[in-house]
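*Asks:* Mind having a look at this structure? Questions to follow.
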Amino acid sequence: MEAKKDLLEYLETKYGKKFITPKQLSQEIPVSSKQQSLLRKKELFPIKHKNIGKNVFYSIYSVASFMLDEEVQEVEKPKSKPVVAEVGKHPSKKEANIEDLSHIFNMKGFVSKLEQQRDTIENLILFFNSKIAHDELQLDLSSNGSDKSRPKGKV
C-alpha cells in the first residue's frame with residue numbers, strides 16, 4: 001500500500017494533476033500513444049481511460065494500480081478459435097492468435113526507469129559527499145595554512 005501511495009505522489013508531482021494524456025503515459029510505460037490507441041479500439045488496453053471529446057485521459061490512480069499489477073479493469077477477450085495455418089502460408093493479422101504480454105513489458109519499463117533514477121541518485125550522493133569532503137579540506141587547509149605560511153616581519 002505504501003508503494004501505491006509513493007507512486008501516486010510521484011505521478012501527481014511530475015504531472016501536476018490527477019489525469020494524464022496518452023503521451024505522458026508513454027513516458028511511464030513502454031507503450032506508445034499510437035499503440036495505446038490501437039489497444040483501446042480493440043478493447044484490450046488494461047488501464048481505464050476517459051474520453052472527453054476527442055481527447056483521452058488516464059487517471060493516475062488507474063495508472064498506479066496497473067503499474068503495481070493490481071486488478072484494474074477486466075477486459076473480456078473474445079474467444080477465438082485456434083488458428084490452423086497452412087504450410088508455406090503466413091497467417092494474416094486477423095488469423096493470428098497472439099497473447100497480450102504488454103503488462104510484462106510495462107513492468108520491465110517501470111523497473112528500468114526506477115533503476116535509472118536509483119543510479120542517478122547514487123551518483124548525486126557520491127558527488128555531494130566528495131564536494132563536502134573537498135570543501136572541508138579547503139577550509140582545513142586555509143585555516144592551517146594562514147598561521148604557518150605567513151612569515152613574520154619583512155620579506
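The values are calculated or read from the model by the stated rules, or taken from the named source; none is laboratory data. Bear in mind that the values here come from a model prediction, so they are computed numbers and not experimental data. Positions of Cβ are backbone-derived with ideal geometry, glycine not excepted, and every protein chain shown enters the neighbour counts.
*Asks:* Could you please let me know if SER62 is closer than 30 Å to GLY16 by Cα, within 34 Å of the chain's Cα centre (by Cα) and at pLDDT 85 or above? First the steps, then the outcome.
*Replies:* On the way: closer than 30 Å to GLY16 by Cα: yes; within 34 Å of the chain's Cα centre (by Cα): yes; at pLDDT 85 or above: yes.
Considered against the rule, which asks whether it is closer than 30 Å to GLY16 by Cα, within 34 Å of the chain's Cα centre (by Cα) and at pLDDT 85 or above, SER62 comes out as yes.
*Asks:* Determine if the range 20-42 includes at least one residue that is of a type in the set (Val, Ile, Thr) and under 16 Å from LYS113 (Cα atoms). Please lay out each step first, then the result.
*Replies:* Of all residues in the range 20-42, those of a type in the set (Val, Ile, Thr) come to 20-21, 29, 31.
The next check asks that each one be under 16 Å from LYS113 (Cα atoms); those that pass are 29, 31.
Among the residues of the range 20-42, at least one is of a type in the set (Val, Ile, Thr) and under 16 Å from LYS113 (Cα atoms), which makes the answer yes.
*Asks:* Looking at the range 7-23, which of its residues are exposed (fewer than 11 other Cβ atoms within 10 Å of the Cβ) and among the acidic types (Asp, Glu)?
*Replies:* Within the range 7-23, none qualify.
*Asks:* Next question. From LYS34, LYS18, LYS42, LYS4, grab the single residue that is at pLDDT below 90 and of a type in the set (Lys, Arg).
*Replies:* Working: LYS34 fails: at pLDDT below 90; LYS18 fails: at pLDDT below 90; LYS42 fails: at pLDDT below 90.
The unique qualifying residue is LYS4.
Residue by residue, here is whether (1) surrounded by 10 or more Cβ atoms within 10 Å (Cβ to Cβ); (2) among the β-branched types (Val, Ile, Thr); (3) over 24 Å from the mean Cα position of the chain (by Cα); (4) under 30 Å from LYS4 (Cβ atoms) holds:
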| site | (1), (2), (3), (4) |
| --- | --- |
| PHE110 | yes, no, no, yes |
| LYS113 | yes, no, no, yes |
| PHE127 | yes, no, yes, no |
| SER130 | yes, no, yes, no |
| ALA133 | yes, no, yes, no |
| GLN138 | yes, no, yes, no |
| SER143 | no, no, yes, no |
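*Asks:* Return only the number of the condition from (1) surrounded by 17 or more Cβ atoms within 10 Å (Cβ to Cβ); (2) touching a strand residue (DSSP E or B) at 6+ places or on another chain (Cβ under 7 Å) that LYS50 does not satisfy.
*Replies:* Every listed condition holds for LYS50 apart from (1).
*Asks:* Here are VAL56, VAL84: which of them is of a type in the set (A, V, I, L, M) and at pLDDT below 80?
*Replies:* Numbers: VAL56 fails: at pLDDT below 80.
It is VAL84.
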